[in-house]
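Enquirer: Below is one structure. I have some questions about it.
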Amino acid sequence: MNIDDVITSSVVNAIRQLYGASVTEQQVQLQKTKKEFEGHLTLVVFPFLRLSHQKPEETAQQIGLWLQQNEPAIEKFNVIKGFLNLSISQCYWLKLINSIHADKHYGVTEATADAPLVMIEYSSPNTNKPLHLGHVRNNLLGWALSNIIKACGNRIVRTNIVNDRGIHICKSMLAWLKWGNGETPQTTGKKGDHLIGDYYVAFDKHYREEISQLIPKFLAQGLNEEDAKTKAEQEAPLIKEAHAMLVKWEQGDPEVRALWNKMNSWVYAGFDETYRALGVSFDKIYYESQTYLVGKAEVEKGLKEGLFVRHEDGSVWADLTNEGLDEKLLLRKDGTSVYMTQDIGTAKLRFQDYPIDKMIYVVGNEQNYHFQVLSLLLDRLGFKWGKDLVHFSYGMVELPNGKMKSREGTVVDADDLIAEMIRTARQTSEELGKFSDMSSQEKDKIARIVGLGALKYFLLKVDARKNMMFNPAESIDFNGNTGPFIQYTYARIRSILRKAQEEQFAVPETVAEDIEVNQKEQDLIQHLADFKTAVSQAGTEYSPSTIANYCYDLVKEYNQFYHDYSILHEENIGRKQLRLVISENVAKVVRTGMDLLGIEMPERM
């Protein structure tokens, strides 16, 4: 328990004992004591005057005396008007660091067999293109969030829904048939997801050409420019062929299905390679091709029960105007399903497969409306968990030259990005002389750890709800709020601990409780104690950035301590032991925190 919680609990007891009144912990106002006054924490006593019926100074004096006599953590106090300045005892700091030191899994709560089961969906790729920078942020957020929620004592299921059917898939398939000449990943040397992505771009190129050729025809028929463009988009031969292929797919046409299976298998092999490089995985993968029929059945059932309506053209809609929304398409006029239909089916299957207590969807904020509607539809269909689903809505990753567009081939490819980050990390490390005594194999390992650590930390340190600008050059910096800075500090501590061992000076199991603890050591111990609160807050608020910034603040504070005080050359044995224990636990907590974010820590750099 951190010192704020200890003192808060004691103040609540003091008020009850002194004045026979009950106050909540939220009513206890603690703040760091101002530098010009003696003390560590300051209690604001004004909220308690109506209970004490005395002046501020007298009330503060009474509470201070009670705390000094009854709370071992309080060594002494002083009163400045209505403020009670409290000095924490030396023995408390030593007991606190010994407690943290003894806990090998400090900050992490193991789930019991009956702990809540939380399912987290992330990634959700389409099989018509490789993963890009947006997917990278999604996967890293989903992985980090699942780790954090697990560290808060929950059981978790990591899940993915692959959008492996639909008009976008048919576009890539049709383009490969027309212009592929039988190409495969083996014959081209390309990853399968990249190969299919090329054909998605090729479809769009030819489709645009057809549209531009048709627009003059419809303008000549008297349509205005906007209507002519819309008409051309609908009448272009390529899009008609793609829609016809989709209908054939849904009818189970053997040739279309065989092509679909072959091309998807190429993509999955490519995805798996990227997931391994990112260090993310899943416990269960669902496929839209296996869930959309379940969703269609639910929609048809809802239609019979009068929950939905069928329009004259045969399409099925949900009228949500009573909920302040609009009408939502559930089945097209040709009977094909939409994303919403698939999500209904996937949700039903998931709750059949697992006794889920909470369902979290990690999906960008452009889908806020989609999940608002999904929640209402699931509730309308009678699924009691509908209203309780959580949409972890995050902002987009933007580039200096604007937004990414897959069909135009202007995305930042995930594989290219990973390779570039590793290459830059190696180059930067070489230039700074950090690889001077390493083998080529170790250089490769460190470059991978640092490059991916830089990428992950840069994307996770920002509040997930915000849009962010990605700048690779800023992320690989051994100073400032970056992954490499945190990794370098960790490696520095590990080096200190190795040197201590080489000098036959082992880190003790406990620190003697008669050692003087200076202010910076107290600050570090308190910061370490705050880790449990940071993990809990990150889990409650779904905020990986809370962990990222906690780790940065901790290593920044440690580096200041390292600069000001000797560790290995400290002559007083007790102080040397204390500083080694603090160092070891800073490394332990930083490693745990960064592990929650999916970031590896190097033993040396």
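Enquirer: From the list R208, R137, exactly one residue is among the charged types (D, E, K, R), within 19 Å of S281 (Cα to Cα) and part of a helix (DSSP H, G or I). Which is it?
Expert: R137
Enquirer: Tally time: how many residues in the stretch 465-481 are in a helix (DSSP H, G or I) and on the phi > 0 side of the Ramachandran plot?
Expert: 0
Listed here are the residues, each with its yes/no results for (1) surrounded by 23 or more Cβ atoms within 10 Å (Cβ to Cβ); (2) among the small types (G, A, S).
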residue: C152; (1), (2): no, no
residue: V157; (1), (2): no, no
residue: N160; (1), (2): no, no
residue: K171; (1), (2): yes, no
residue: K178; (1), (2): no, no
residue: G182; (1), (2): no, yes
residue: G192; (1), (2): yes, yes
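Enquirer: Looking only at residues that are within 22 Å of C152 (Cα to Cα) and either free of Cβ contacts under 8 Å to residues at least 12 places away in the same chain or among the hydrophobic types (A, V, I, L, M, F, W, C) (or both) in the stretch 60-103, which one is surrounded by the most Cβ atoms within 10 Å (Cβ to Cβ)? Walk me through it before giving the result.
Expert: So the first thing to find is which residues in the stretch 60-103 are within 22 Å of C152 (Cα to Cα), and the list is 96-97, 99-103.
Among the residues that remain, those that are also either free of Cβ contacts under 8 Å to residues at least 12 places away in the same chain or among the hydrophobic types (A, V, I, L, M, F, W, C) (or both) are: 96-97, 99-100, 102-103.
Numbers: L96: 22, I97: 24, S99: 13, I100: 20, A102: 10, D103: 13.
My answer is I97.
Enquirer: List the number of the failed condition for I573; all other conditions in (1) more than 25 Å from V280 (Cβ to Cβ); (2) surrounded by fewer than 18 Cβ atoms within 10 Å (Cβ to Cβ); (3) touching a residue at least 12 places away in the same chain (Cβ under 8 Å); (4) not small (G, A, S) hold.
Expert: Unmet for I573, out of (1) more than 25 Å from V280 (Cβ to Cβ); (2) surrounded by fewer than 18 Cβ atoms within 10 Å (Cβ to Cβ); (3) touching a residue at least 12 places away in the same chain (Cβ under 8 Å); (4) not small (G, A, S): (3).
Enquirer: To continue, here is another question. Of the residues I156, I196, I148, only one is among the hydrophobic types (A, V, I, L, M, F, W, C), in a helix (DSSP H, G or I) and closer than 30 Å to I599 by Cα; which?
Expert: Only one candidate qualifies: I148.
Enquirer: Based on what the data block shows, is K466 free of Cβ contacts under 8 Å to residues at least 40 places away in the same chain, out of contact with any strand residue (DSSP E or B) (no Cβ under 7 Å at 6 or more places or on another chain) and surrounded by fewer than 21 Cβ atoms within 10 Å (Cβ to Cβ)?
Expert: no
Enquirer: Answer yes or no as to whether I486 is closer than 17 Å to I97 by Cβ, of a type outside the set (D, E) and crowded, with 19+ Cβ neighbours inside 10 Å. First the steps, then the outcome.
Expert: Details: closer than 17 Å to I97 by Cβ: no; of a type outside the set (D, E): yes; crowded, with 19+ Cβ neighbours inside 10 Å: yes.
No.
Enquirer: Under 25 Å from I567 (Cα atoms) and either of a type outside the set (K, R) or not assigned by TED's automatic domain parsing to the domain that holds Y542 (or both), is that true of A473?
Expert: Judged against the criteria, A473 is not a match.
Enquirer: Also: Of the numbered conditions (1) touching a residue at least 60 places away in the same chain (Cβ under 8 Å); (2) not in a strand (DSSP E or B), A115 satisfies every one except a single condition; which is it?
Expert: Checking A115 against (1) touching a residue at least 60 places away in the same chain (Cβ under 8 Å); (2) not in a strand (DSSP E or B), the one that fails is (1).
Enquirer: For F561, state whether it is surrounded by 18 or more Cβ atoms within 10 Å (Cβ to Cβ), farther than 22 Å from A151 by Cβ, of a type in the set (F, W, Y) and assigned by TED's automatic domain parsing to the domain that holds E442.
Expert: yes
For every residue, the table says whether it meets (1) assigned by TED's automatic domain parsing to the domain that holds Q342; (2) modelled with pLDDT under 95; (3) not charged (D, E, K, R).
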residue: Y361; (1), (2), (3): yes, no, yes
residue: V390; (1), (2), (3): yes, no, yes
residue: M396; (1), (2), (3): yes, yes, yes
residue: R426; (1), (2), (3): no, yes, no
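Enquirer: On to the next question. Return the residue satisfying two criteria in turn: it lies in the stretch 495-541 and is part of a loop (DSSP other than H, G, I, E, B) and touching a Leu at 6+ places or on another chain (Cβ under 6 Å), and of such residues it is farthest from Q577 (Cα to Cα).
Expert: Per the criteria, the residue is E513.
Enquirer: From the list L238, L259, L246, which residue is among the aliphatic types (A, V, I, L, M) and modelled with pLDDT under 95?
Expert: Going through L238, L259, L246 in turn, just one is among the aliphatic types (A, V, I, L, M) and modelled with pLDDT under 95: L246.
Enquirer: Select from the stretch 274-290 the residues that are surrounded by 15 or more Cβ atoms within 10 Å (Cβ to Cβ) and in a helix (DSSP H, G or I) and list them in ascending order.
Expert: Listed by number, the residues that qualify are T274, Y275, A277, L278, E288, S289, Q290.
Enquirer: Between L293, L349, L331, which is modelled with pLDDT under 95 and surrounded by fewer than 18 Cβ atoms within 10 Å (Cβ to Cβ)?
Expert: So the residue among L293, L349, L331 that is modelled with pLDDT under 95 and surrounded by fewer than 18 Cβ atoms within 10 Å (Cβ to Cβ) is L293.
Residue-by-condition table, conditions (1) in the same structural domain as V247 (by TED's automatic domain parsing); (2) over 11 Å from N128 (Cβ atoms); (3) touching a His at 6+ places or on another chain (Cβ under 6 Å); (4) of a type outside the set (K, R):
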{"site": "G153", "(1), (2), (3), (4)": "no, yes, no, yes"}
{"site": "I156", "(1), (2), (3), (4)": "no, yes, no, yes"}
{"site": "T159", "(1), (2), (3), (4)": "no, yes, no, yes"}
{"site": "S172", "(1), (2), (3), (4)": "yes, no, no, yes"}
{"site": "N181", "(1), (2), (3), (4)": "yes, yes, no, yes"}
{"site": "K190", "(1), (2), (3), (4)": "yes, yes, no, no"}
{"site": "Y207", "(1), (2), (3), (4)": "yes, yes, no, yes"}
{"site": "Q213", "(1), (2), (3), (4)": "yes, yes, no, yes"}
{"site": "A220", "(1), (2), (3), (4)": "yes, yes, no, yes"}
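Enquirer: Same structure again: With the requirement that a residue be within 27 Å of W249 (Cβ to Cβ), over 34 Å from the mean Cα position of the chain (by Cα), of a type outside the set (F, W, Y) and not in a loop (DSSP other than H, G, I, E, B), what does the stretch 316-348 give you?
Expert: Hit for the stretch 316-348 is V316, nothing else.
For every residue, the table says whether it meets (1) of a type outside the set (S, T, Y); (2) modelled with pLDDT under 95.
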site: T59; (1), (2): no, no
site: W66; (1), (2): yes, no
site: P72; (1), (2): yes, yes
site: N85; (1), (2): yes, no
site: T109; (1), (2): no, no
site: A115; (1), (2): yes, no
site: M119; (1), (2): yes, no
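Enquirer: When you scan the stretch 464-486, how many residues do you find that are hydroxyl-bearing (S, T, Y) and within 15 Å of R448 (Cα to Cα)?
Expert: Counting residues in the stretch 464-486 that are hydroxyl-bearing (S, T, Y) and within 15 Å of R448 (Cα to Cα) gives 1.
Enquirer: Output the residues belonging to the stretch 194-206 that are under 18 Å from P237 (Cβ atoms) and either surrounded by fewer than 19 Cβ atoms within 10 Å (Cβ to Cβ) or touching a Pro at 6+ places or on another chain (Cβ under 6 Å) (or both).
Expert: D204, K205, H206
Enquirer: Turning to a different aspect of this structure: In the stretch 23-47, how many are touching a helix residue (DSSP H, G or I) at 6+ places or on another chain (Cβ under 6 Å) and either surrounded by fewer than 16 Cβ atoms within 10 Å (Cβ to Cβ) or in a helix (DSSP H, G or I) (or both)?
Expert: Final tally of qualifying residues: 3.
Enquirer: Test S123 against the criterion of being small (G, A, S), touching a residue at least 40 places away in the same chain (Cβ under 8 Å) and outside the structural domain of K190 (by TED's automatic domain parsing), and give yes or no.
Expert: So S123 passes the test.
The values are calculated or read from the model by the stated rules, or taken from the named source; none is laboratory data. Just so you know, these numbers come straight off a predicted model, no measurement behind them. Every residue, glycine among them, receives a Cβ derived from its backbone with ideal geometry; neighbour counts consider all protein chains shown.
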